[in-house]
Amino acid sequence: MAKKASPVSHGVLQMDWLEDHRTECFSALVKLPTGMYLKLVKDAHEQRGGITGQRDVLKTTTAKRIRERMISDIRAGAVLPPVVIGVVVDKATAAILTDDKPVSQETFLGSISEKELSIIDGMQRTASLIEAGSIDPGVFAREMRVEFWVAQSVRAL
């Protein structure tokens, strides 16, 4: 895979790419409105992250207490660490995304399939964002960071 320029700026939307030479994956860090993120990962979240062995949203008393605090923090305007999403793309899409010419965030998001996404790290944060947005719909308009790991096979993720 070719080396990707970093960061890439297209208007207000900026992507930061890093290549993992060991796994031949790319990490793409983006900013998205929370509502757009939740729409993208809806299926993956409902399927316990979409990864075999991924733990579901924790239901222990401690986990619930932590999630309630996170919901409160989100509603107060806190910025959470990036969630990490895995996306498997076919060879042709990988060639477009990893070409020496930068792609826009819109092109990147338009080229991935919601059915090919998995939540690698962020099940608890995603549940908290859903809950915070159900209480305060303004949460859905706030930006958040999402790191996409782009690979041609699930094994590489």
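No lab work stands behind these numbers, since they all come straight from the coordinates. Note that the structure is a prediction, hence the values are computed from the model and not measured. Every residue, glycine among them, receives a Cβ derived from its backbone with ideal geometry; neighbour counts consider all protein chains shown.
Anything over 24 Å Cα to Cα? Flag those among Lys64/Lys115; Lys31/Lys64; Lys42/Lys64; Lys91/Lys115, in the order listed.
Working: Lys64/Lys115 28 Å; Lys31/Lys64 27 Å; Lys42/Lys64 21 Å; Lys91/Lys115 17 Å.
Long pairs (Cα-Cα over 24 Å): Lys64/Lys115; Lys31/Lys64.
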Residues Lys42 and Ala78, FRET efficiency given R0 of 22 Å [Cβ-Cβ distance, rounded to 0.05]
0.45
Which order do the peptides 116-127, 16-27 come out in when sorted by mean C-beta neighbours inside 10 angstrom, highest first?
116-127, 16-27
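Using unit Cβ charges (K, R positive; D, E negative) and no other charged atoms, how large, in debye to the nearest 20, is the dipole of the stretch 70-144 about its Cα centre?
Values: 6 positive and 11 negative charges, 15 e Å.
Approximately 80 debye in magnitude.
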